[in-house]
Amino acid sequence: MPTPPAYALVATDLDGTLLRPDDTVSARSRAALALAVSAGARHLIVTGRPVPGIRSLLADLAYTGLVVCGQGTQLYDADSARLLRSVTLDRQAADTALGKLEAEVGAVFAAVDQDGVDGVTLIENGYRMPNPTLPALRVDSRDALWARPVIKVLVRHPLLGDDALAAAARGAVGDLASVSMAGPGTVELAPYGVDKGTGIATAAELLEIGAEGTVAFGDMPNDLPMFRRSGHRVAMGNAHPELRAAADEVTSTNAEDGVAEVLERLFG
């Protein structure tokens, strides 16, 4: 009987982690993921991107498993191309949260990710997409952001840095939303109590894999909840200091195939 792998689930963030700076997955990383799968492990993508923002990547990877999307708000089955679970952010609560934040720090620029497999990212005037490769539609007013159900709100400030803006948002919005800092220029508001940790827990339950059997890779504070649900936590060499402090080990950067470096050691 073959020996089961030490880690049955390989959970990877995308931006700043599995993806190289040019938004691609290297040949080495692909081979390392294939090595883990051949050893009996499952690969689970856990990303802040909504479903429409990753479908082309899933096709390129020939990925057919579960995907935790939208900061834990969506659980997507790539094989059947359907949402298994989706949690929306109350739009009135979101608008109120933005108002409370602006009362503390002044005007902010906002964007939203709409719910659904064909949801659109809408951005108000002044908002600049942190990743220019992801599509977005500009709207004329903030009210237009709430035309359809949304899974999360993205916020930028003209002067404050990400850490300061995230801290201000946590203090201002209370239980109206969960606040995360997901990358350079990416502070987000999601449904309260929903994050990558709840997302990976739901997926792992369906896959019947416990936290102790999971190795997780990330680079930003929004990956902390995922780390708490994992048996082994790996921060990228380019990771935020808060995530590095919570990691069991720090690998090379995403530009240097840090995910592959660890997987080759664990499954090679």
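The values are calculated or read from the model by the stated rules, or taken from the named source; none is laboratory data. None of these values were measured; they are calculated from a predicted model. Cβ atoms come from the backbone with ideal geometry, glycine included; neighbour counts cover every protein chain shown. Accessible surface is based on the protein model in full, side chains and every heavy atom, while ligands, DNA and RNA are left aside. Shrake-Rupley method; radii C 1.70, N 1.55, O 1.52, S 1.80 Å.
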### Task
Give me a count of the residues in region 68-115 that are within 15 Å of the chain's Cα centre (by Cα) and surrounded by fewer than 16 Cβ atoms within 10 Å (Cβ to Cβ).
0
### Message
If I filter region 208-257 down to residues being β-branched (Val, Ile, Thr) and in a strand (DSSP E or B), which single residue comes out as surrounded by the fewest Cβ atoms within 10 Å (Cβ to Cβ)?
### Response
VAL250
## Note on the structure
ALA8 meets each of (1) surrounded by fewer than 22 Cβ atoms within 10 Å (Cβ to Cβ); (2) touching a Leu at 6+ places or on another chain (Cβ under 7 Å) with one exception, condition (2)
### Task
Taking the options LEU145, LEU101, LEU89, name whichever one is of a type outside the set (Gly, Ala, Ser), within 22 Å of ASP175 (Cβ to Cβ) and touching a Pro at 6+ places or on another chain (Cβ under 9 Å).
LEU89
### Message
Could you check region 166-207 and list, in sequence order, the residues that are hydroxyl-bearing (Ser, Thr, Tyr) and assigned to a strand (DSSP E or B)?
### Response
SER178, SER180, THR186
### Summary
When region 143-165 is checked residue by residue, the ones that are within 28 Å of ARG55 (Cβ to Cβ) and open to solvent by less than 50 Å² (accessible area, probe 1.4 Å) are ALA144, LEU145, TRP146, VAL150, ILE151, LYS152, VAL153, LEU154, VAL155, ARG156, ASP162
### Task
Look at ARG170 and say whether it is open to solvent by 40 Å² or more (accessible area, probe 1.4 Å), free of Cβ contacts under 8 Å to residues at least 24 places away in the same chain, farther than 25 Å from TYR63 by Cβ and of a type in the set (Lys, Arg).
yes
### Query
Is it the case that LEU101 is in contact with a helix residue (DSSP H, G or I) (Cβ under 9 Å, 6 or more places away or on another chain), farther than 21 Å from GLY199 by Cβ and part of a loop (DSSP other than H, G, I, E, B)?
no
